[in-house]
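Reviewing the structure listed below.
The values are calculated or read from the model by the stated rules, or taken from the named source; none is laboratory data. Only a predicted model underlies this, so the values are computations on that prediction, with no experimental measurement involved. Please note: Cβ atoms are built from the backbone with ideal geometry, for glycine as well, and neighbour counts cover all protein chains shown. Remember, those area values only see protein heavy atoms, side chains included, never the ligands or the DNA or RNA. Shrake-Rupley method; radii C 1.70, N 1.55, O 1.52, S 1.80 Å.
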Amino acid sequence: MELNRLTAHELTALLDKGDISPVDICNNIIKEIGQKDKGLNAVVHFDPEKAIERAKALKGRDSSAALWGLPIFIKDNICVKDELTTCGSKILEGFAPPYNATVVDRLCRAGAILMGKTNMDEFAFGSSTETSFYSVTKNPWDRDRIPGGSSGGSAAAVAANEAIFALGSDTGGSIRQPASLCGVVGLKPTYGRVSRYGLIAFASSLDQIGPITKDVEDAAILLKVISGHDNMDPTSVDKSVPDFPSLIKRGIKGLKIGIPKEYFIEGIDSEVRQSMRDAIKKLETLGAICEDMSLPHTEYAVAVYYLVATAEASSNLARFDGVQYGFRADQAASVIEMHKKTRQEGFGSEAKRRIILGTFALSSGYYDAYYLRALKVRTLIKRDFEEAFKKYDVIVTPTSPTPAFKINERTEDPLTMYLSDIFTISANLAGIPGISIPCGFTKSGLPIGLQILGKPFDEETILRTAYSYEQAAK
Ligand code: GLN
């Protein structure tokens, strides 16, 4: 049996019966990666022998360990103790952190087997995985196309059955957009639901870690494991974690769904539009009540995001100066010159662009006009959602305005690239949860994704909506 093609919950059922072992699953994964990954480039740091060792070292089946025996891949910006964690950047070349991210500890406690690291845009700056120091990941559905980004490696690995499931991170769409473009499920939790401790920061007020999986049930399982309060992250919220997997199967009869008109604008691909219409009809046949509505400040989201996110990034990236982490340029005559050369040679061009933009927005004289104003408009965007959720349980939109685009198609035009996230960014600005699920294909066979946004800390309802849709659309 090709175990790598199964979902986590299917594998757990087989493990429970004793039909298969964790080593069997790992062997299938290793074989698939051996056959495929040279062409896809989804995985950047991977040691098959170590994976097998870990699988063998697992103690006997423990039914309370939700992920027992299941191999998992981690995005390259999440710290795994003594393992390469390089953020797809040259500047972190050779860096192996001395501690685990909290999510990694939680995975291990749940019995998961750490397999390796997946490719990503450098420091998660991007929508296509093209800015990675380790070169672009290909979309498994069409290798001339990008897998989305920045968690493109995780999404492509799951879509290509090189991984059962994976973790990604989402600052402006980096879980949901690649999930959409690769035809898998990706969930960005509420800000504060999942600890960011050990996630190498891009924009600290926006970043969240979340699951990328083959189906909605797996997303619920993985989310439950990684969620919960953590003293190591001051923005982690002390709220109980619902038993997501058991709550998603209750149907959506009477659920109120808002369809924001600002998400059906000019420029959205006609096949994406049609597929949204079909999805909305399907949700109605399942008993949901769908209604057109408005999120009036949506048009400012991209501008606000690229001020707030770059400002925070420019500050977060100041620590990479050749002293404590990773790469250090040689032949510098002074410490200052060493910092300069390290940053010049260590960062790619998109990282440099973000640092310059962010430094500009924060600099004296411009702070009030750009950064501060962006924070104010961010509040307006958040209020749009607060108002909307007084009336609606969830909001449904396309995840991405277009299906996967061609490699190099947008690299010369950063603005067009930035517009790839037009539908995902607002959720990060507002701190609300969102999920992307597959909802069809274009005529040429590219996946299309449906985004479901929910109230803060109500991942349960977006998962339930997603599950109902998935079951009906199968
Ligand atoms: N594509 C967006 C950006 O380039 C979002 C990235 C992310 O979520 N990490 O910033």
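Some observations on this one:
- Neighbour-limited loop hits for trypsin sites (Lys or Arg not before Pro), the stretch 219-263 (at most 14 other Cβ within 10 Å; DSSP other than H, G, I, E, B): LYS239, LYS249, ARG250, LYS253
- Since only THR213, SER420, THR137 are under comparison, the one whose Cα sits farthest along the positive direction of the charge dipole of the chain, derived from C-beta charges on Lys, Arg, Asp and Glu, is THR213.
- Between GLN324 and LYS256, the modelled label-to-label distance comes to 4.8 nm, taking each label 7 Å out from Cα in the direction of the beta carbon.
- Unit charges at the beta carbon, dipole of the chain: most positive-side option, PHE125, GLY18, ASN316: GLY18
- Its convex hull of Cα atoms gives the stretch 194-353 a direction-averaged projected area, equal to a quarter of the hull surface, of 13.8 nm².
- Longest DSSP-loop-exposure-free segment, GluC sites (Glu not before Pro), the chain, at most 12 other Cβ within 10 Å: 3-265
- Of every Cα-Cα pair in the stretch 1-61, the percent that sits beyond 18 Å: 39
- Gyration tensor verdict on the stretch 381-461 (Cα atoms; rounded if a/c is under 1.5, prolate if a/b is larger than b/c, oblate otherwise): oblate
- Accessible surface of HIS229, taken over heavy atoms with a 1.4 Å probe and every protein chain present, rounds to 70 Å².
- Relative contact order for the stretch 311-429, counting Cα pairs under 8 Å that sit 6 or more residues apart, in percent: 21
- Using equal-weight Cα scatterers in the Debye expression, the normalised intensity of the stretch 1-113 in log10 at q = 0.11, 0.12, 0.21 Å⁻¹ is -0.38, -0.45, -1.25.
- Normalised Debye scattering of the chain at q = 0.11, 0.12 Å⁻¹ gives log10 I(q)/I(0) of -0.82, -0.99, counting only Cα atoms as equal scatterers and leaving out solvent.
- With a 1.4 Å probe rolled over the protein heavy atoms of all chains, the accessible area of SER21, SER349 falls in the order SER349, SER21, largest first.
- Computed about the Cα centre, the dipole magnitude for the stretch 190-251 is approximately 160 debye when only Lys and Arg (+1) and Asp and Glu (-1) carry charge, each at its Cβ.
- With all protein chains modelled, accessible area of CYS108 [1.4 Å, Å²]: 60
- For the chain, adding -39500 (n - 2.57) for each run of n ≥ 4 DSSP H residues and dividing by the number of residues yields -11500 deg cm²/dmol at 222 nm.
- Across the stretch 302-379, C-alpha contacts under 8 Å between residues 6 or more apart give a mean separation that, scaled by the residue count, equals a relative contact order of 45 percent.
- Taking 0.36 nm per residue of separation and subtracting the Cα-Cα distance, full extension of the segment from VAL335 to GLU299 would add 8.5 nm.
- Once the Cα-Cα distance is subtracted from the 0.36 nm per residue extended length, the LYS31 to LYS376 segment shows a gain of 119.1 nm.
- The chain, relative contact order in percent, only Cα pairs under 8 angstrom and at least six apart counted: 17
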